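Each remark here refers to the structure printed beneath this line.
The values are calculated or read from the model by the stated rules, or taken from the named source; none is laboratory data. The structure displayed is predicted, hence computed values, not measured ones. Glycine gets a Cβ as well: all are built from the backbone with ideal geometry, and neighbour counts include every protein chain shown.
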Amino acid sequence: MKDSQTFHIISVGQCSADNANITRALSRFVDCRVEYVESFAELVHACRTCVPQLVLVNRILDSDGSNGIEIIDRMKSDQSLRTIPVMLVSNLVDAQDAAVNAGALRGFGKSELNQPVMETLVRAALGC
C-alpha cells in the first residue's frame, strides 16, 4: 500500500538503467519523485533546491568511478546535509558495513530491488 505523501528521493551515481530500475521498484510501494545526480556537487545543488527525504548512493559512481562511501562521508561532514537519511546501493556486505560506519542507514543491493527487504528498509528510512 502506498502512502499519500510524495517523497523526494535523490539517486547519486547510478547508470541510467539502474536508476530506472530503482525508480520503478520504489514506485511500487511509495509515491516518489526520484531525482538523478552524478556527483557530490550536483547533490548539494539539488538539496538547496528541495531537501530530499532520502538519498541513495551507488557504491561506485557511474560517471567517474569514484567511491560512494566518499559521498556519504562528505554528506555527514556537511552541516546542511548531515541529517538527510542516506543509504548505499550495493549487494556487498562489506560496503554496506562501511556505509553504516560512515553514518548511512543500512541500504540494499540491486539484487534486492523487488524484494520485501528493500521495501522494509526504504519505508523505515522514510518514516512510513
### Query
Can you tell which of E70, E35 is acidic (D, E), free of Cβ contacts under 8 Å to residues at least 40 places away in the same chain and in a strand (DSSP E or B)?
E35
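Quickly run through region 36-72 and pick out the residues that are closer than 18 Å to F108 by Cα and among the charged types (D, E, K, R).
Going residue by residue through region 36-72, those that are closer than 18 Å to F108 by Cα are 36, 53-62, 67-72.
Across region 36-72, the qualifying residues are R59, D62, E70.
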### Message
Looking only at region 73-88, count every residue that is touching a Phe, Trp or Tyr at 6+ places or on another chain (Cβ under 8 Å) and either in a loop (DSSP other than H, G, I, E, B) or surrounded by fewer than 18 Cβ atoms within 10 Å (Cβ to Cβ) (or both) and tell me the total.
### Response
1
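For region 15-40, give me the residue count where each residue is among the polar types (S, T, N, Q) and over 20 Å from V117 (Cα atoms). I'd like the intermediate steps shown before the answer.
Applying the first criterion (among the polar types (S, T, N, Q)) to region 15-40 yields 16, 19, 21, 23, 27, 39.
Still in the running and over 20 Å from V117 (Cα atoms): 16, 39.
Selection size over region 15-40: 2.
Can you confirm whether A124 is modelled with pLDDT of 95 or more, part of a helix (DSSP H, G or I) and buried (at least 17 other Cβ atoms within 10 Å of the Cβ)?
Values: modelled with pLDDT of 95 or more: yes; part of a helix (DSSP H, G or I): yes; buried (at least 17 other Cβ atoms within 10 Å of the Cβ): no.
Answer is no for this residue.
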### Task
May I ask you to list the residues in region 1-54 that are buried (at least 21 other Cβ atoms within 10 Å of the Cβ) and in contact with a Pro (Cβ under 7 Å, 6 or more places away or on another chain)?
I9, I10, L54
### Query
Picking from N114, N91, which residue would you name as being surrounded by fewer than 16 Cβ atoms within 10 Å (Cβ to Cβ), assigned to a loop (DSSP other than H, G, I, E, B), at pLDDT below 95 and on the phi < 0 side of the Ramachandran plot?
N114
### Selection count where residues are in contact (Cβ under 8 Å) with a residue 60 or more places away in the chain and in a strand (DSSP E or B), scope region 42-65
1
### Pairs, first free of Cβ contacts under 8 Å to residues at least 40 places away in the same chain in region 5-21, second of a type in the set (K, R), C-beta under 9 Å, six or more apart
T6/R33
### Query
Could you say whether any residue in region 55-65 is over 24 Å from V30 (Cα atoms), surrounded by fewer than 19 Cβ atoms within 10 Å (Cβ to Cβ) and in contact with a Cys (Cβ under 8 Å, 6 or more places away or on another chain)?
yes
